[in-house]
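Worksheet for the structure shown next.
The values are calculated or read from the model by the stated rules, or taken from the named source; none is laboratory data. Owing to the predicted nature of the structure, the values given are computational and were not obtained by experimental measurement. Please note: Cβ atoms are built from the backbone with ideal geometry, for glycine as well, and neighbour counts cover all protein chains shown. Accessible surface is based on the protein model in full, side chains and every heavy atom, while ligands, DNA and RNA are left aside. Shrake-Rupley method; radii C 1.70, N 1.55, O 1.52, S 1.80 Å.
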Amino acid sequence: MSGFFESAWAIAERDMRAEWRSREIFNPMLFFGLLVIVLFSFSFEPDAEETQRIGGGLLWMAFLFSGMLAMNQSFPREMHERTLHGLRTAPIPPASIFAGKFISNMAFVVLAECVLSLLFAMFFNLPLLPILGRFAAVLVAGTWGLVVTGTFFSALTLHTRMRELMMPLLLLPISVPHMIAAVSATAELFQQQTLSQLWFTQLIGYDVVFTTLGLLLFHFVIEDV
Amino acid sequence: MRNRFFIPMLAFTVVLMAIALYMTFLWVPADFTQGDVQRIFYFHLGSFWTASVALTLNALACLMYILRRMDRAKAEFWDALAASSAEIGVIFCAGGLAFGTFWAKPVWGTWWVWDARLTLTFLTWLLYIAYLLLRGFLEGSDRAGMISAVYGIFAIAAVPMVYMSNRWFRTQHPQPVIGGGEGSGMPGSMWLTVFAAWFAMQALMCWYLTQRMPLERGKREAERLRRQLRVEDV
């Protein structure tokens, strides 16, 4: 089992190092997220009270769309130099490729979300500090489910025509229940400063189910790459 | 492309459909409070029951495809069943939603509400439209069966999630007639009509499956032969 974690970490570390040098995912993702927030705020022009009510939804839409940019490129990047073929023939469990990709995507997306949340709190004058711990918990649990399905679908759509269109078409409907829970939990945090057990449990449930399915089914997806 | 099931199954379906329509519009008495508009209910419920059967079949076929992937003939059978049953599921789910909106307009005064049960059904419908789109975009690929089977398993796993995310929504939808608590029952004639409509739709589904599955398998065969030709050309 140690081989699993070691190889997953090796893949994640390589991805993070490549990203540190090129910043070809993080910068566009951050900029795109910022654009979504700006566009939404112009479309709705929320006042202070409204921001607390719709802020959760606004923030998660920005996270979802910008996160999709990172996840969409996750596996196709491995096709240029046929590095995925190399990974697949390496003596490592196939699920560890998925786990490694998941870890690096999670790092990119969470980092971008932290910056976006700060900017969001600043623009809309939302006091994040008193709810910081609970907000971070919702952020991580919400992002986990999103990234786990997104990373999986990035591999799943490798062989489809119009791949970049197909990935969001698969990801969006499946992440609706997860988004409902994340948005509701965040809205409740903004409005009442409390974290609902119900929504949080649902976020964790989704994370557990789809992480398990992803790890179990991943080797079928890359069987003959 | 017709096969030996075409005429007998079609005849059977037409007879059952005629009986169901007769029972719905002429035989069963109109509902006391809602009047004639309640008659939509029989096909509304029948559509959803048929869609549920079809989507369950799809999940089963996706799972069986993965388990039987080494045996090409069996794998192709399960793949064809998965494709055909998803189509049936999407069609009947759309039918059920459409019948529901026709009923909702006169009774609730609105075509649609974002109510728990409606949202659940709508999202399930979207999940399987995505499944069909995926199959379309995979056409010609030798990985089509496996990729769509894996997505099928993700989709069925998401259905209970959708259900849970909806449990605290306010519901405007009538309570279930089965086990819906006191005062939720229906008279026997209405029950008979519900089952007549459901059986007719189920027969329609079976007829479609017997026609669509050989077509899907033929398509896969043609794709394989084409790939083989391409390899030999090179």
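The test for being at pLDDT 85 or above, of a type outside the set (A, V, I, L, M, F, W, C), part of a helix (DSSP H, G or I) and farther than 24 Å from residue A:116 by Cα holds for residue A:14. Answer with yes or no whether residue A:148 is modelled with pLDDT of 90 or more and within 14 Å of chain B (Cβ to nearest Cβ). It is true that residue A:148 is modelled with pLDDT of 90 or more and within 14 Å of chain B (Cβ to nearest Cβ).
Just a yes or no: is a residue in the stretch A:49-63 acidic (Asp, Glu), outside any helix (DSSP H, G or I), open to solvent by 30 Å² or more (accessible area, probe 1.4 Å) and over 22 Å from residue A:174 (Cα atoms)? No, the conditions are met nowhere in the stretch A:49-63. For the stretch A:74-86, the set of residues classified as open to solvent by 30 Å² or more (accessible area, probe 1.4 Å) and of a type outside the set (Val, Ile, Thr) consists of A:77, A:79, A:80, A:81, A:82, A:85, A:86, listed by residue number. Only one entry in B:16, B:67, B:97 is within 21 Å of the chain's Cα centre (by Cα) and without any contact (Cβ under 8 Å) to a residue 40 or more places away in the chain, namely B:97.
The residue list B:59, B:149, B:144 contains one member that is more than 9 Å from every other protein chain (Cβ to nearest Cβ) and of a type outside the set (Asp, Glu), which is B:59.
Scanning the stretch B:1-36 for residues that are more than 22 Å from residue B:106 (Cβ to Cβ), open to solvent by 90 Å² or more (accessible area, probe 1.4 Å) and among the polar types (S, T, N, Q) yields a total of 0.
Conditions tested, residue by residue: (1) at the interface with chain B (Cβ under 10 Å from one of its Cβ atoms); (2) under 19 Å from the mean Cα position of the chain (by Cα); (3) under 18 Å from residue B:154 (Cα atoms); (4) open to solvent by 10 Å² or more (accessible area, probe 1.4 Å).
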residue: A:127; (1), (2), (3), (4): no, no, no, yes
residue: A:136; (1), (2), (3), (4): no, yes, no, yes
residue: A:164; (1), (2), (3), (4): no, yes, no, yes
residue: A:173; (1), (2), (3), (4): yes, yes, yes, yes
residue: A:184; (1), (2), (3), (4): yes, yes, no, yes
residue: A:208; (1), (2), (3), (4): no, yes, yes, yes
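Condition check: part of a helix (DSSP H, G or I), at negative phi and within 14 Å of chain B (Cβ to nearest Cβ). Does residue A:177 satisfy that? When the stated conditions are applied, residue A:177 passes them.
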